[in-house]
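K.L.:
The structure follows.
Throughout, read-outs are computed from the coordinates displayed, never taken from laboratory work. Keep in mind that what you see is a predicted model, and the values were worked out from it rather than measured. When we count neighbours, we look across all protein chains shown, and the Cβ atoms used for this are built from the backbone with ideal geometry, even at glycine.
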Amino acid sequence: MEEKKLDINSIIGFVLIFGILMYMLWQNQPTPEELKAKEKAKQEQVEKESKTKAQEQIKVTTADDFAAGSVADSLQLVNLKNKLGAFAYSAANASKEETLVESDLLALKFNNKGGYLSEVKLKKYTDFKDRPIYIIKDNNASFNINFATTDSRILNTKDLYFEPTVTKNGNNTIVSMKLKVSDTQFLEYRYELKDGDYMMGFSIRSQGLKDVINSSQPIDLDWNLKTYRNAKSISYENRYTELVFEYEGGKDDYLGQRKLAEDTGEDVTYVAFKQHFFTSILLADAPFKIGAFQSENLVQNEDIDTVYTKAFSAKLPLELAGGEINKSMDWYYGPSDYKILNKYDRNLDEIVPLGWGIFGWINRYLFIPLFAFLGTFLPYGIAIIVMTILIKLLMSFVQYKQFLSQAKMKILKPELDAIRAKHKDNKMKAQQETLALQNKAGASPMAGCLPALVQLPVFYALFQFFPSAFDLRQKSFLWVKDLSSYDTIYHFPPGWKIPFYGDHVSLFPILASIAIFFYMRLTTGDQMASQPTQEGMPDMSKMMKYMMYFSPILMLFFFNNYASGLSLYYFISNLISIGIILVIKNYILDEDKIHAQIQENKKKPKKENRFQKKMAEMMEQAEQQKQLQQKKKK
């Protein structure tokens, strides 16, 4: 048999094939950029697998995981445990039913889902359309505790189903809502409702959950509420709707009227979601370490935004003690009535905007007790009139002092004008002699300003009092149906609205504006007559004339949408002021006697007080410096 041999051609062929293969391998090897991209892709794949694994370990549950229904077999229970862990027990016994309890003041519905209130009705009050007042209804509120479990789950109690129990403790009704892990392990919301009280006891406590709740993760309480419109003017009601909170042992703050406002506070003892005349308050026996608050204004166009006024939210941390939750609190759902809130002695009266400093003091210790007394035996419209008369009589001595000062300045005006004419080239000398004459005569421009300043705190206090007076709500007087809202004698056709005025005509602001016009006409004439003529100074008479017309117009526009009780006060107040002025001018003040008294005062040696001496010295020094400068120039 012939032996096979490798000839030269075969060897050359193998070499060529090997060379071609090596060339192809060299041509197709990855570049450094491709190697880098491949390494990056590999790293991203590793990270993706790690993230997927972590997500499988930490299960964030949703509302779908807590769908109500009974467990028919052990397989379903296993599925629930895979989804919910220890809280599969609560889902296995879930029910969508609601629990209704009532007191003489409140009608409450508790939802098994979330264990919180689904409805709060105030039984004694109605809105501007005679519908019941609901603080909570149709999912406008939520209450939730967000926490982590030891089996790496994130839970929200608003998605979990609680088991209700209603019992009696004397006359009090106890509602216990339990989120169960077993018969002896649970998270409980406990509500205690009392007759004759808008304050409701509330506590959150856990039992046997030390090994269920992850103590290394934060536990947050989230409370949210969208406040319903209850008044005829949603913009006016919204002006007094705000979030108020107390912190650091008695300090209080509020979020105001911005479109979106946020704030935080330490050692928070209560949070109030205050509407104009009704409020929801969460109070804590022991302060929350910190609170985060938000307020969103929902009324951008009062013709469109007609259901809600603001959206409030509060985030408060819960602390564990021995691995368990135990927090004692209270709920208040009721009127924003100063008298009711003040009785609790928990600084809740600060929720009612009565003004700061002396203004709030005047309201708390003068106007509120006085109006409450008058309201016990008088209709509220008459009570406003009587209170106005008493206030004006009390302030009448101030007006008398003011007019006496104006009368003195009016009598001295010719002499003051002569002094200014004599020293028209030396204003410092004119000022010195003017002060000397006023001092001798016992007349001063400041004597007329001070009485006006004394009246300002009273004016501002009343401006805060009437919009906050809960007793005026839905009280009628003459043609007015509600003294806490604007009165209406005419509505413009649909779609008609005067900018800054509104879509209606209110009568009391018109009457108040007319009264202010005549009051200013009386007072402005005397003020212009008593003003000395000063060269180089603006014409005060023209400014006063402008104010005489501008102020009533401003009043007309500003108060057209305000509470009619406030407009009634200003109308009566200015009428009385006009009467007092006429009596003082025609029967009390005698210009001849005042003139004689001024001449008598001029003859008496007048001792200057410390302030007057200091002013005279300063003016003399200024005059000396002026003379020295003039000499240097020469």
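K.L.:
Gain in length, Lys109 to Asp211, computed as 0.36 nm per residue apart minus the alpha-carbon separation, to one decimal in nm?
P.N.:
33.5 nm
K.L.:
To continue, here is another question. Highest first, please rank the peptides 363-372, 288-297, 463-472 by the mean number of other Cβ atoms sitting within 10 Å of their residues.
P.N.:
Highest-to-lowest ranking by the protection proxy: 463-472, 288-297, 363-372.
K.L.:
Given the convex hull over the Cα atoms of the range 252-380, what projected area results after averaging over all orientations, in nm²?
P.N.:
10.6 nm²
K.L.:
Give me the number: length gained by fully extending Leu320 to Ala418, i.e. 0.36 nm times residue separation minus the C-alpha to C-alpha distance, one decimal in nm.
P.N.:
So the chain would gain 26.9 nm between Leu320 and Ala418.
K.L.:
Could you tell me which of the pairs Lys180/Lys310; Lys158/Lys178; Lys113/Lys137; Lys113/Lys274 are separated by over 24 angstrom between their Cα atoms in the structure shown?
P.N.:
Where the Cα-Cα span goes over 24 Å, the pairs concerned are Lys180/Lys310; Lys113/Lys274.
K.L.:
Of Lys81/Lys168; Lys168/Lys232; Lys168/Lys343, which sit over 32 Å apart, Cα to Cα?
P.N.:
Lys81/Lys168; Lys168/Lys232
K.L.:
Once the Cβ-Cβ distance between Lys401 and Gln257 is put in as r, and R0 is 30 Å, what FRET efficiency do you end up with, to the nearest 0.05?
P.N.:
So, using R0 = 30 Å, E works out to roughly 0.20.
K.L.:
Pop the C-beta distance of Thr376 and Ile514 into the FRET formula with R0 = 35 Å and round what comes out to the nearest 0.05.
P.N.:
Calculated value: 0.60.
K.L.:
Quick check: residue separation of Leu390 and Asp220 times 0.36 nm, minus the Cα distance between them. What number comes out in nm?
P.N.:
The span from Leu390 to Asp220 would gain 55.9 nm if fully extended.
K.L.:
Sticking with this structure for a sec: Ranked highest first by the average count of other Cβ atoms within 10 Å around their residues, in what order do 116-122, 207-213, 269-275 fall?
P.N.:
269-275, 116-122, 207-213
K.L.:
Determine the alpha carbon to alpha carbon distance for each of Lys83/Lys194; Lys392/Lys481; Lys123/Lys339 and list only those over 28 Å.
P.N.:
In this structure, Lys83/Lys194 lie more than 28 Å apart at Cα.
K.L.:
What FRET efficiency do you get for Lys96 and Asp303 if R0 is 51 Å and r is their Cβ-Cβ distance, rounded to the nearest 0.05?
P.N.:
For Lys96 and Asp303, the calculated efficiency is 0.85.
K.L.:
Sort the following peptides by mean Cβ neighbour count (other Cβ atoms within 10 Å, averaged over residues), highest first: 479-486, 391-398.
P.N.:
The densest-packed peptide leads the list: 479-486, 391-398.
K.L.:
Once you place label points 7 Å from the Cα toward the Cβ at Lys289 and Leu582, how far apart are they in nm?
P.N.:
Label-label distance for Lys289 and Leu582, simple model: 7.0 nm.
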